[in-house]
1. If you check B:Leu92, B:Leu154, which single one turns out to be under 20 Å from B:Ser17 (Cβ atoms) and surrounded by fewer than 20 Cβ atoms within 10 Å (Cβ to Cβ)?
2. For A:Leu178, only one of the following conditions fails: (1) surrounded by 19 or more Cβ atoms within 10 Å (Cβ to Cβ); (2) closer than 30 Å to A:Lys98 by Cβ. What is its number?
3. Would it be correct to say that A:Gly73 is more than 12 Å from the chain's Cα centre (by Cα) and surrounded by 19 or more Cβ atoms within 10 Å (Cβ to Cβ)?
4. Restricting the search to the stretch A:186-198, which residues are in contact with a helix residue (DSSP H, G or I) (Cβ under 8 Å, 6 or more places away or on another chain) and touching a residue at least 60 places away in the same chain (Cβ under 8 Å)?
5. Return the pairs, sorted by first residue and then second, in which the second residue is assigned to a loop (DSSP other than H, G, I, E, B) and surrounded by fewer than 15 Cβ atoms within 10 Å (Cβ to Cβ), the first residue lies in the stretch A:114-136 and is more than 12 Å from chain B (Cβ to nearest Cβ), the beta carbons are less than 7 Å apart, and the residues are 6+ apart or on different chains.
6. Out of the stretch A:149-199, which residues are β-branched (Val, Ile, Thr) and in a helix (DSSP H, G or I)?
7. Restricting the search to the stretch A:77-98, which residues are part of a loop (DSSP other than H, G, I, E, B) and either of a type in the set (D, E, K, R) or surrounded by fewer than 21 Cβ atoms within 10 Å (Cβ to Cβ) (or both)?
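What follows draws every value from the coordinates through simple rules; no lab data is involved. Model, not experiment: these values are computed from the prediction. In this analysis, Cβ positions are derived from the backbone assuming ideal geometry, glycine residues included, and neighbour counts consider all displayed protein chains.
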Amino acid sequence: SSSGDEALREKRARILSRGLPKQKPIEGVKQVVVVASGKGGVGKSTTAVNIALALAANDSAKEVGLLDADIYGPSIPKMMNLKGNPELTPKNLMRPLKNYGIACMSMGFLIEETAPVVWRGLMVMSAVEKLLRQVDWGHLDYLVIDMPPGTGDVQLSISQNIPIAGAVIVSTPQDVALLDAHKGAEMFRKVHVPVLGLVQNMSVFQCPKCKHETHIFGSDGVKDLAKTLGLDILGDVPLHINIRETCDSGQPVVVSQPQSDA
Amino acid sequence: AERANLAGVRHIVLVLSGKGGVGKSTLSTELALALRHAGKRVGILDVDLCGPSIPRMLRVQDSAVHQCDSGWVPVFVGQDKAIALMSIGFLLERPDDAVVWRGPKKNALIKQFVSDVAWGELDFLIVDTPPGTSDEHISTVEALRPHQLLGAVLVTTPQ
């Protein structure tokens, strides 16, 4: 009988979930948005930084935080022009570094710029736990989390440890990137995190001299994937030298050139 | 069996980068094809378990892996079907399946890729790695240490 099956399934799920960590929200943080992709180098950090800044710019009453969960290759310090070790509060929590009104925390503040982090999964999990819970975030309306590439330990740890309001998946229109973005979406489905939509990055390149447009990574790949997965396209970002230059120099484009097309 | 499967491989080249999306898989594929063109016997090992791109790049994503006496038989690709390729992409039920594994499971599979694949006689084995410096990299280097690890090529963009 179907109700018997349903009860059996629920019992099985309960038993299986006994070994998993319990989800506990971070104190003071209202909503968590993760920016992920599955593929590397598609612009997750760039997008996360600009999303955080845009959220703050759209409503100056909102407090926004930015967590760089990419333990192996933290990019947020460079993009937000922040350096230095975080101070400790009297309660032994790390104080996030602030710039442009956004509270940021990253592995990059805890190690030297060129020091590699060659760690196995277990150590990475404990580092992520510290970056989530042992930071004095204060009261945040939004916490944007920049995920590392892949679908592994960090993604699992974060999804299982804190309730996530939604995930934004970034991809370029290139086939190999879409394959990995599809896997990323699949992963969020498995851990029951709602996917808010896809962002198509590096969609088109316009020559600064003759204005001829080239779709370097293909065109509409992300639109097709969105249709297949039944997701919305949240944005379409061109490959523009301004975006890269401003990120490299620590003045993200949303802040330094808010009026530009990029 | 441990030493045997890699005993016929003369040199192993690791391709890594730290940063994602800089072209490691693309470069590994092109490097393998170029070496083949120069007459060498080449194999590619794709240890990017979360995002295996190489089968797609060589248009063999629908191939299956078979077993033989010494272990798994790699898929042969390229115009003359002479480049040996092993990737988790061949072991998935559907190409879109996500591999959401923690470190120890990845470690186990990488050890299998190294010791249980019948590579045969190769001049070069190119190993394509995922972004970062994590479990996959540590496991790969540990598993390959007893063999002739020629060295690593680092790929990056100017950004």
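1. After applying the criteria, what remains is B:Leu154.
2. (2)
3. Yes.
4. Of everything in the stretch A:186-198, those that are in contact with a helix residue (DSSP H, G or I) (Cβ under 8 Å, 6 or more places away or on another chain) and touching a residue at least 60 places away in the same chain (Cβ under 8 Å) turn out to be A:Met187, A:Phe188, A:Val193.
5. Filtered contacts from the stretch A:114-136: A:Asp136/A:Thr89.
6. A:Val154, A:Ile158, A:Val176
7. If the condition is that a residue be part of a loop (DSSP other than H, G, I, E, B) and either of a type in the set (D, E, K, R) or surrounded by fewer than 21 Cβ atoms within 10 Å (Cβ to Cβ) (or both), then A:Asn81, A:Lys83, A:Gly84, A:Asn85, A:Pro86, A:Glu87, A:Thr89, A:Pro90, A:Lys91, A:Asn92, A:Leu93, A:Arg95 are the ones that fit.
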